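For reference, the structure is listed below as structure tokens.
Taken together, the values in this text are just the output of simple stated rules run on the coordinates, not laboratory data. Please read these numbers as outputs of a predicted model, since none were measured by experiment. Cβ atoms come from the backbone with ideal geometry, glycine included; neighbour counts cover every protein chain shown.
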Amino acid sequence: NYDKVKDDLVNKLDEALDTNKQLLQWIIDLAIERISDNKSWNYKFELYNLIGEIFSERFQIFEDAVSELGLENIDELFKRYISVTKDEIKNFESEIIQLAKDAHEALEVLGVENDQLKGKSRSPLTKLILVARGDFSKIEPIFNIIDEPEEWFQKNASIAEAYDTINPILKKIEAHYLTHLPNYQLAIAFNKNLYYLRLMQEIAVLLKEYRAENDNLLISDAQKLISGITEDAGDNPSFIWEKVGNRYRNFLFDEFQDTSTSQWGSFKSLLTNAMATPSEDLIDHLIVGDTKQSIYRWRNGDWNILHKHAKNDVGINNILEDSLAENYRSTENIITFNNVLYRSIPITLQNELNTSLATKPDGISNWWTGEHYDQIITDIYAGSTQKFAANTLKGGTIKIKKFGKEHVPDETRFTETTFRDIALDDVINEIKILKDEQNYALKDIAILVRSNSEALLTVRKLMEQNLPVLSGDALLISNNSAIQLIINTLKVLISLESQSALYKANCIALYHSLHEKEADANHYINLTVKPLNQLSAVLPPALCENWQSWLQLPLPELVEILIESYGLKPLTAHLPYLLAFRDLTASAGKLGEKGIIAFLTWWDEDGVKKSLPSPEGADAIQIITIHKSKGLAFRAVFVPFCNWEVKGKTNSTFWVSSEETVYKELKGIPLKYNEALADSAIAKAYYEELLYNNMDALNMLYVATTRSKDYLYIATMAKKELKLSNMGDVINFTFDGQFDENGVYEIVDY
């Protein structure tokens, strides 16, 4: 349970502040930094999100570098980096601000009015005042008029003295800006994580103590152990064979596209050693994978190992490549559609990437082509075309529906939420057609989503229509409203009166919702000062009158009485969840979690993840994430939210090599991903991440659309201005001109 480990580590960090004065000062400095940036002093939310990085392979590079430097030097090193970072930011900004002030003041002294400027208020020269105030977003258009006097003034208002005075200042601004921008952008990016990185390092140290104290070995530790063993062995794995008592001559690597750099480093020496004694006329080793189905990069998977690195490591001459040309899963129309889709989209994405680098310095563009990144997506998808098998069935239905403002004319704005609602409504209609008119069994239908939140939304929509569903989220006990009512009641019973208002409000809302009653808004007022025995008008009187005596009961009996008093037993849809929850309270007691407080602690850590067992053979629609669908097949596949980002999620964390920067001692640093890094000192790392994000998005679509046997449905969001920001935009672009007046592209042959 990584969440529990993260919670425990944050608590250990708090405890360490009592004895570690340097760490305490670091926390104080971080709080002051946050307050100066108009943020809450409380740093824990961002730290908690970053803690997960210490379990990743990418963190290992940084951790090893810190170990080499010596933990006793870490505070001084980070203090130096803070000084270097802040100086870089200050020097860059102060110089430009001063020069912009000089230029703007010169305009005023010379009496230049906006009406005299070419373009008047739209002239780049009017932006000097913004730059002088520290807003650099409008600075680059100013550079376009340097040494271009005809672009400065209206024809009848030429002021030569102004040009002669200000043009040299603009040249200084441009020279300073372009020279120092790469290091400035890196400093801005690193400054956002600098304090947290020091705390992450401290937590990594505490993690070692945590393992020893709890006698635990985390899953993420396993690969470190294996890597340590293989590194000790070097190129001669006889040491490993001696340890395991066996020697392996033949290797099979499956799902190799999701192999991580560390994993490949561990296996590489074993494989190359085995290749030294080949069999005659036999293929000794198999690497099986599909780069197009690499969708686990968040688990450290790297498709480029299969595409390139493994071939180079074992030697091109030792490789025989082959692929499965026939599709044995889908009907003819589905196969043909996917062939068209994956001939077109890779070209679109590759062209977009190449165009974005066309205006960059030669060093960046030459690196891009030197790594063959200018054709890598099209190369990978060049082999995506599949042939019909001998037993391939004819027919197959494809529907792409583009939903826009015209579908909801009464709405003032067409938002993501609106799109999801109307897309799901349409999906439900299509499912009913498949079931009632085309005789599809519900168990033959799958709805593929990107996230658990999308799955939960879909589950709720379908359950409202009394459509049976199978989903991890649908069967999650904690998502059931009757269970949420019981949990909130338990929290009311053990909380101080002044701290229980939220739980009381939840109880009132859930109780009325379950029994389909309206709750008067006045009942939610002053809950902080209203004890439970004054709420009998909105909660069961038995609960309000007897709750104090009920506290003396064993937990299973208390839960049973709460179910009875809330009148939950007749609610048959909730009964399986209530029975499962009752069993959980009994089993938790046997595990030693006795009492309400102990049970709720266990519930928040482990209980919330408990699910009902999936009924075998149930005729129900499956709602699963695209990640979990890999390797599966369904007659009908729905992708209701084809809107995941192509370029990647802004401000997500990614690690870059820092060896060619001022932070070289750390070897690797985490940054928040954003477009500003395209002009930074780590621009190559940014563009490599951008490429990988494009591949992630495309591979996600590939996995989703190739799950279908004979029916495929995709919903996209229409936009006034088509920008290829998400995968739905790319599909809309691909079929532009082929949608009908209702925004539908379809091939119907059930």
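Structure notes:
- Among 343-354, 441-452, the order from most to least packed when residues are scored by Cβ within 10 Å on average: 441-452, 343-354
- By other beta-carbon atoms within 10 Å, ranking Tyr373, Tyr663 with the fewest at the front produces Tyr373, Tyr663.
- Only the Cβ atoms of Lys and Arg (+1) and of Asp and Glu (-1) were treated as charged; on that basis the dipole of the chain about its Cα centre amounts to roughly 1220 debye.
- Part-to-part distance (alpha-carbon centres) for region 358-408 and region 1-59, which is given in Å: 41 Å
- Val656 long-range amide H proximity, modeled H, under 5 Å: Ile669, Leu671
- Look at Lys387, Lys504, Lys308, Lys461 and count the other Cβ atoms within 10 Å of each Cβ; fewest to most, that gives Lys387, Lys308, Lys461, Lys504.
- Separation between Cα centres of region 415-443 and region 502-531, rounded to whole Å: 34 Å
- Under 13 Å from Lys12, Cα to Cα: aspartates and glutamates that are on another chain or at least 8 residues apart: Glu202, Glu209, Glu213
- Qualifying chymotrypsin sites (Phe, Trp or Tyr not before Pro) for region 27-114 [loop in DSSP, other Cβ within 10 Å: at most 14]: Trp41
- Per DSSP, loop GluC sites (Glu not before Pro) in region 379-471 with at most 10 further Cβ within 10 Å: Glu437
- Counting neighbouring Cβ atoms within 10 Å and putting the fewest first, the residues Asp75, Asp696, Asp14, Asp710 line up as Asp14, Asp75, Asp696, Asp710.
- Top positive-direction residue, dipole computed over the chain with Cβ charges, set Cys507, Gln185, Trp602: Cys507
- Between Ile561 and Glu209, the FRET efficiency estimated from the beta carbon spacing at R0 = 60 angstrom works out to 0.85.
- Pair Asp115, His627: separation of 7 Å Cα→Cβ label points (nm): 6.3 nm
- Pair Glu150, Arg122: separation of 7 Å Cα→Cβ label points (nm): 1.9 nm
- All lysines inside 26 Å of Lys569 as judged from Cα atoms, apart from same-chain residues fewer than 8 positions distant: Lys461, Lys491, Lys504, Lys517, Lys590, Lys594, Lys609, Lys610
- Estimated 222 nm signal from helices in the chain, with DSSP H stretches of n ≥ 4 weighted -39500 (n - 2.57), rounded to 500: -16500 deg cm²/dmol
- Normalised by the number of residues in region 1-216, the average gap of Cα pairs under 8 Å and 6 or more apart makes the relative contact order 27 percent.
- The chain, relative contact order in percent, only Cα pairs under 8 angstrom and at least six apart counted: 17 percent
- DSSP bridge orientation in the chain - percent antiparallel, rounded to nearest 5: 35 percent
- Peptides 524-536, 261-273 ordered by packing proxy, namely the average of other Cβ atoms within 10 Å per residue, highest first: 261-273, 524-536.
- Taking N as its residue count, the alpha carbon Rg of the chain over 2.2 N^0.38 Å: 1.14
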